[in-house]
1. With only Lys, Arg, Asp and Glu charged, each at its Cβ (+1 for the first two, -1 for the last two), find how big the charge dipole of the chain is about the Cα centre; round to the nearest 20 debye.
2. Starting from the Kirkwood Rh over alpha-carbon pairs, what translational D in µm² s⁻¹ does region 2-88 have by Stokes-Einstein at 37 °C and 0.692 mPa s?
3. With an 8 Å cut-off on Cα pairs and a minimum separation of 6 or more residues, tell me the relative contact order of region 31-90 in percent.
4. For the chain, what is the calculated [θ] at 222 nm in deg cm²/dmol (nearest 500), taking -39500 (n - 2.57) for each run of four or more DSSP H residues and dividing by its residue count?
5. Report the one residue of T32, M58, I20 whose Cα lies farthest in the direction of the positive end of the charge dipole of the chain (charges on C-beta: Lys and Arg +1, Asp and Glu -1; origin at the Cα centre).
6. Scan the chain and hand back the longest stretch that contains none of the trypsin sites (Lys or Arg not before Pro) lying in DSSP loops with at most 15 other Cβ atoms within 10 Å.
7. Tell me the net charge near A52. Cut-off is 14 Å between Cβ atoms, A52 excluded, with +1 for each Lys or Arg and -1 for each Asp or Glu.
8. Using Cα springs under 10 Å in a Gaussian network model of the chain, which residue among D13, D53, D72 shows the largest mean-square fluctuation?
Amino acid sequence: MIQRFVLFRLHADASRAEAIAQCRAVLGDAVTIGTPADDSAKKWDVSLVIRADDLAAMTALLARPEVAALLDEWLPPRTAVIKAWSFEVT
């Protein structure tokens, strides 16, 4: 299984609730969405853990037009920082 971790910090005028709703609407069951639980994560507004069976499936998921639009067009104007990494989970 591959998990892609995406962390982002929103601009001050962006809505966390709107960002979460948009991510949930586009990614559905393929994502777990989190918000900071303590001070160690307070600089991030939202975390996404996107799951796929393997790297090919993750590549295909990220290439879907609606997912690409979310990650490449919808989120960037609303965020100050976006970081993402993929990990193979055993």
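1. 200 debye
2. Estimated via Stokes-Einstein, D reaches 249 µm²/s.
3. 21 percent
4. It lands at -8000 deg cm²/dmol.
5. With unit charges placed on the Cβ atoms, the residue in question is I20.
6. That gives 44-90 as the longest site-free run.
7. Counting the neighbours of A52, the net charge comes to -1.
8. Of the options given, D13 has the highest mean-square fluctuation.
Quick note: the coordinates plus some simple rules give every number you see, no bench work behind them. These numbers were taken from a predicted model, which means no experiment stands behind them. Virtual Cβ from ideal backbone geometry, glycine too; neighbours counted across all protein chains shown.
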